[in-house]
Amino acid sequence: MPNTYDPAQPRDDHGRWSKTASEHGYVVKDFEARMAKVIADGKQVGESSECVALVKHLAPEVGRAADWQEGPPIRNFGDPPVERGTPIATFVDGRYRNASSGNHAAVFIQYGTKGITPGIWVLDQAKDLDPQKRFIQFGGRAERYSVIKHK
């Protein structure tokens with residue numbers, strides 16, 4: 001049972017406790033196979049070939065980036081629990097900026113380390129970067145990400 005006095009404990013939209021932050025958002029169906037295929041194909045997906053295009057390719061139900069809302073933020077290693085295949089993005093004042101730089105969207109793979117540095121592993125792409133697994137460290141940018149919330 002979660003600590004009922006912890007205001008940071010994830011809750012769903014009805015105020016009920018959530019086991020993972022992913023319950024607030026979306027989870028890519030058959031993520032492992034789809035991730036392997038996207039990486040093996042070795043080419044960018046989506047019309048724009050931007051980071052948002054990959055997220056929408058794997059989880060079309062997220063809809064237009066302009067409509068995305070911020071769900072639970074990633075605060076630290078393992079906090080909050082997030083399922084593999086959960087779309088995440090950087091938000092400003094609860095909204096995804098969708099600007100030409102300074103924002104990003106990806107699909108969460110796992111919390112982990114690179115050497116001794118803690119962070120998150122994501123699947124992402126960028127305009128000049130094919131889909132790949134990438135490490136984003138804490139104390140750098142990982143804590144800027146949040147789950148893309150259900151509409």
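The values are calculated or read from the model by the stated rules, or taken from the named source; none is laboratory data. Being a predicted model, the structure only gives us computed values, none of them experimental. FYI the Cβ positions are ideal-geometry reconstructions off the backbone, even for glycines, and counts take in every protein chain you see.
Could you count how many residues in the stretch 98-125 are outside any strand (DSSP E or B) and either in contact with a Phe, Trp or Tyr (Cβ under 8 Å, 6 or more places away or on another chain) or under 22 Å from Val28 (Cβ atoms) (or both)?
Selection size over the stretch 98-125: 3.
Just so you know, in the stretch 83-102 the residues that are in contact with a strand residue (DSSP E or B) (Cβ under 7 Å, 6 or more places away or on another chain) and under 13 Å from Glu143 (Cα atoms) include one that is surrounded by the fewest Cβ atoms within 10 Å (Cβ to Cβ), and it is Thr90.
Just a yes or no: is a residue in the stretch 135-147 part of a strand (DSSP E or B) and among the acidic types (Asp, Glu)? Checked the stretch 135-147: no residue is part of a strand (DSSP E or B) and among the acidic types (Asp, Glu).
Selection of the stretch 46-97 for residues being over 21 Å from Trp121 (Cβ atoms), part of a helix (DSSP H, G or I) and touching a residue at least 12 places away in the same chain (Cβ under 8 Å) yields Glu61, Ala65, Ala66, Asp67. Of a type in the set (A, V, I, L, M, F, W, C) and buried (at least 16 other Cβ atoms within 10 Å of the Cβ): does that describe Val52? The answer is yes for Val52.
On the basis of being closer than 28 Å to Pro118 by Cα, at pLDDT 75 or above and not small (Gly, Ala, Ser), does Val55 make the cut? Criteria met by Val55.
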